[in-house]
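The values are calculated or read from the model by the stated rules, or taken from the named source; none is laboratory data. Everything numeric in this text was worked out from a predicted model, so none of it was measured. Neighbour counts are summed over all protein chains in view; Cβ atoms, including those assigned to glycine, are modelled from backbone coordinates with ideal geometry.
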């Protein structure tokens, strides 16, 4: 093989290796930051006046996008909504029957509730703390000048750190097309 052919072959191998590395990095990003049915997420986020990246960050922190998730405390579905909270939300949305394992319903309720908490507390950090620990606890913390549970503080940080990553993922549409969402 002459030098020219060897150089072309090396260049091709390096290019292929670079593409494989880029794809592996993109796949890793999708594993760490899953999103299922972005159109549905965007639709519910828009209806609630929320950033889709925020909705995805909450779903990631709550269930890693597992619609059938149930927490040890009884929170259900993609957005991990407590059954009592879901009943309260259903009353406000005039919904008579619902299934929290249904991703559509869970997203609708979760985005509505997150919007409600943001409006109620006027602050995203407090709204996220209330989403995690409950609005009554946040009211108590505010009244007493206390701080959030360490678990809640970690939750708020985890959600807020995921938002810019999701914005980045959404800014590269081909990334969503060529890599599957692989929630772990």
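Sub-8 Å Cβ pairs linking a first residue in region 163-178 that is farther than 18 Å from residue 36 by Cβ to a second residue that is part of a helix (DSSP H, G or I), at least 6 apart or interchain, are 164/53, ordered by first then second residue. You will find that of 5, 92, the residue that is free of Cβ contacts under 8 Å to residues at least 60 places away in the same chain, more than 20 Å from the chain's Cα centre (by Cα) and farther than 23 Å from residue 119 by Cα is 5 and no other.
One residue alone among 35, 76, 41, 58 is buried (at least 19 other Cβ atoms within 10 Å of the Cβ), farther than 23 Å from residue 154 by Cα and touching a residue at least 12 places away in the same chain (Cβ under 8 Å), and that residue is 41.
Return the pairs, sorted by first residue and then second, in which the second residue is crowded, with 16+ Cβ neighbours inside 10 Å and part of a loop (DSSP other than H, G, I, E, B), the first residue lies in region 137-152 and is modelled with pLDDT under 95, the beta carbons are less than 8 Å apart, and the residues are 6+ apart or on different chains. Pairs found: 141/148.
A residue that is in a helix (DSSP H, G or I) and under 21 Å from residue 31 (Cα atoms) cannot be found anywhere in region 118-138.
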